[in-house]
Amino acid sequence: MYFMNLVYWWSNKNISDLEMLYENFTDNPQNEADIEKLCVSMDSVWWNGERKSVQLEVSGIAMYYLKREIPTHIELVEEREEHYTVRFFYHHEIELFAYVKSWIPNIRILDLDAVGNTGYFHYDTF
């Protein structure tokens, strides 16, 4: 309890020394427009770099999920009764592997050579 009181006192002490100076801020509409344009164009947290794609085979419960609503980074290539073939767009391999990992065993990477042996993934282990 003593420690919490000490932290509370210290944080309030520092906050009381805070002074807001609005006269130093100048609004620049061009900067706001540039930021808005950049945010609209971002489709991933890994937004810089080239956009890559890989084909996936989706079946089972993952297929049911995709049937409900296809995310913007996935394009339906072929629809069969037993599975879907989709194209997954990504900027960094971590995006792809996080998605695939969440749907194992109902999803499979079809073109492993496109992904290759990166530092994050070795397809000989799957």
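The values are calculated or read from the model by the stated rules, or taken from the named source; none is laboratory data. Just so you know, these numbers come straight off a predicted model, no measurement behind them. Cβ atoms come from the backbone with ideal geometry, glycine included; neighbour counts cover every protein chain shown.
Give the residues of region 90-105 that are in contact (Cβ under 8 Å) with a residue 40 or more places away in the chain and either among the aromatic types (Phe, Trp, Tyr) or in contact with a strand residue (DSSP E or B) (Cβ under 6 Å, 6 or more places away or on another chain) (or both), sorted by residue number.
Tyr90, Leu96, Val100, Trp103
Collect the residues in region 81-99 that are out of contact with any Asp or Glu (no Cβ under 9 Å at 6 or more places or on another chain) and over 16 Å from Ile61 (Cβ atoms), keeping them in residue-number order. Before you say what the answer is, go through the steps one by one.
First pass over region 81-99, keeping only residues out of contact with any Asp or Glu (no Cβ under 9 Å at 6 or more places or on another chain): 81-82, 90, 92-99.
Result: Tyr90, His92, Glu93, Ile94, Glu95, Leu96, Phe97, Ala98.
For region 74-107, what are the residues that are surrounded by fewer than 17 Cβ atoms within 10 Å (Cβ to Cβ), in a strand (DSSP E or B) and not hydrophobic (A, V, I, L, M, F, W, C)?
The answer is Glu75, Glu78, Glu79, Thr85, Arg87.
Based on this model, can you work out whether Phe25 counts as at pLDDT below 75 and among the hydrophobic types (A, V, I, L, M, F, W, C)? Please lay out each step first, then the result.
Values: at pLDDT below 75: yes; among the hydrophobic types (A, V, I, L, M, F, W, C): yes.
Here the answer is yes, as Phe25 does meet what is asked.
Since Glu93 meets every condition but one in (1) within 23 Å of Asp113 (Cα to Cα); (2) modelled with pLDDT of 85 or more, which condition does it not meet?
Condition not satisfied by Glu93: (2).
Starting from region 41-53, take each residue that is surrounded by 11 or more Cβ atoms within 10 Å (Cβ to Cβ) and assigned to a loop (DSSP other than H, G, I, E, B) and list its partners that are modelled with pLDDT of 70 or more and among the acidic types (Asp, Glu), counting only C-beta distances under 9 angstrom and pairs at least six apart or across chains.
Close Cβ pairs (under 9 Å, with a partner that is modelled with pLDDT of 70 or more and among the acidic types (Asp, Glu)) amount to Ser44/Glu95; Trp46/Glu95.
Given Gly49, Gly60, which one is among the small types (Gly, Ala, Ser) and at pLDDT below 70? Walk me through how you get there before you give the answer.
Working: Gly60 fails: at pLDDT below 70.
Checking each option against the conditions leaves just Gly49.
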